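Peer 1: Encoded as structure tokens, here's the structure I'll be asking about.
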Amino acid sequence: MSLNFVGSSTDKVDFGSNAVIDNLDPGTLIAWLYPTSQPNGFNRILYKGTPTQFFRRGNGGGNRIGMTIQRATTSQNIDIATVPSTSAWSFIAFTWDTAGNPHAYLGTLTSLAALDETGVQAGSGTRTDDSADSLIAGDSGTSVACPLRIASLQLWNRALSLGEIRQQQFHPHPASGCVLFSHLGFNGTGTQADWSGNANNGTVTGATQDSHVPLGPCFGFDLGWQGA
């Protein structure tokens, strides 16, 4: 399953602000996204207040999806070079380290994730504190709606290698360092379970259930990590 965030700019999932997802540095973000249209203006897709915009769109790069993490001296910024297709699933990953160096990866249902980045700006200085903010998926935090579906969503407290990212692409599963692991829509629009073991369960507002990214056996999340 997935969740569809097209109703308004306030459709969202609130994952709260557990200490394990605060101020991740280093870190990795992985998700399957399905843009249903391209918005006219800036929006945030997954963010933790203003300091941490794990996914944002329309920030000087048209409809490119990018990441911004604010730091005391220079914020780190990066964009996926290729604008993800509308009405198609895209696999997106961002990694960053304590030195402020970000990387961006893009894959599809038929192509393995590969480095695909532009606008790279290595951050410097202390990471801006986001511990007071909840992790929000979907709600853009602006007046612009966030028209897309989100399926698998993962956060890690370390920078995964490309090999590790590819292992997650078609067979998503929690492993060492995973602090959030959720398949949005798996529980309909009820509480979104966090299978990382950290209880970052999400509360849905407005979003609706939709079909899942078609990974399918033997790549689907139903197998492998659940012991099948």
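The values are calculated or read from the model by the stated rules, or taken from the named source; none is laboratory data. No experiment lies behind these values; they were computed from the predicted model shown. With ideal geometry, Cβ positions are generated from the backbone for all residues, glycine too; neighbour counts draw on all protein chains shown. Only protein heavy atoms, including side chains, enter the accessible area calculation; ligands, DNA and RNA are left aside. Shrake-Rupley method; radii C 1.70, N 1.55, O 1.52, S 1.80 Å.
Peer 1: Subtract the Cα-Cα distance of residue 205 and residue 88 from 0.36 nm times their separation in residues, and report this length gain in nm to one decimal.
Peer 2: Extra length from residue 205 to residue 88 when fully extended: 39.7 nm.
Peer 1: So, one more: What full-extension length gain, to one decimal in nm, is calculated for residue 114 and residue 81 as 0.36 nm per residue of separation minus the Cα-Cα distance?
Peer 2: Here the segment from residue 114 to residue 81 would lengthen by 10.8 nm.
Peer 1: Now for a separate question. How much FRET efficiency would the formula 1/(1 + (r/R0)^6) give for residue 161 and residue 124, where r is the Cβ-Cβ distance and R0 is 25 Å, rounded to 0.05?
Peer 2: Between residue 161 and residue 124 the formula returns 0.60.
Peer 1: Here's another thing I want to ask about it. Treat every Asp and Glu Cβ in the chain as -1 and every Lys and Arg Cβ as +1, leave all other atoms uncharged, and give the resulting dipole magnitude about the Cα centre to the nearest 20 debye.
Peer 2: Approximately 280 debye in magnitude.
Peer 1: Looking at the square roots a ≥ b ≥ c of the eigenvalues of the Cα gyration tensor of the range 152-213, which shape do they give, rounded for a/c under 1.5, prolate if a/b is larger than b/c, or oblate?
Peer 2: Oblate, since a/c reaches 1.5 and b/c is not below a/b.
Peer 1: What ³J(HN,Hα) values, in whole Hz, does the Karplus curve 6.51 cos²θ - 1.76 cosθ + 1.60 give for the range 148-156 when θ = phi - 60°, with x put for Gly and Pro?
Peer 2: 6, 10, 10, 10, 5, 9, 9, 10, 10
Peer 1: Kindly write out, for the range 102-113 in residue order, the coupling ³J(HN,Hα) from the Karplus curve 6.51 cos²θ - 1.76 cosθ + 1.60 (θ = phi - 60°), rounded to whole Hz, with x marking Gly and Pro.
Peer 2: Once θ is set to phi - 60°, the couplings for the range 102-113 become x, 9, 10, 9, 9, x, 9, 5, 10, 9, 5, 4 Hz.
Peer 1: Any idea what the dipole of the range 112-216 comes to, in debye rounded to 20, about its Cα centre with Lys/Arg Cβ at +1 and Asp/Glu Cβ at -1?
Peer 2: Value, rounded to 20: 220 debye.
Peer 1: Tell me whether the chain comes out rounded, prolate or oblate; compute the Cα gyration tensor, take square roots of the eigenvalues as a ≥ b ≥ c, and use a/c under 1.5 as the rounded threshold.
Peer 2: Taking the square roots of the gyration eigenvalues as a ≥ b ≥ c, the chain is rounded.
Peer 1: If contacts are Cα pairs under 8 angstrom and at least 6 residues apart, what is the relative contact order of the chain in percent?
Peer 2: Relative contact order of the chain: 31 percent.
Peer 1: Whole-Hz Karplus ³J(HN,Hα) for the range 128-135, in order, using 6.51 cos²θ - 1.76 cosθ + 1.60 and θ = phi - 60°, x for Gly and Pro?
Peer 2: For the range 128-135, the Karplus curve yields 5, 5, 10, 5, 7, 10, 7, 7 Hz.
Peer 1: Whole Å is fine, so just give me how far the alpha carbon centre of the range 127-187 lies from that of the range 76-103.
Peer 2: One Cα centre to the other: 12 Å.
Peer 1: Further question on the same structure: Go ahead and set up a Gaussian network model of the chain, Cα springs under 10 Å, then flag whichever of 179, 204, 83 fluctuates most.
Peer 2: 83
Peer 1: Also: Which residues' amide hydrogens lie under 5 Å from the amide hydrogen of residue 196, considering only partners 5 or more residues apart or on another chain, with H built in the peptide plane?
Peer 2: Correct list: 181.
Peer 1: Which of the three applies to the range 80-148, rounded, prolate or oblate, going by the alpha-carbon gyration tensor with a ≥ b ≥ c and a/c under 1.5 meaning rounded?
Peer 2: It is oblate, given that a/c is not under 1.5 and a/b is not larger than b/c.
Peer 1: Calculate, for the chain, the solvent-accessible area per residue in square angstrom, rolling a 1.4 angstrom probe over the heavy atoms of the protein chains.
Peer 2: 37
Peer 1: I've got another one for you. Could you work out the local net charge near residue 3, counting Lys and Arg as +1, Asp and Glu as -1, over the other residues with Cβ closer than 11 Å to its Cβ?
Peer 2: Local net charge: 0.
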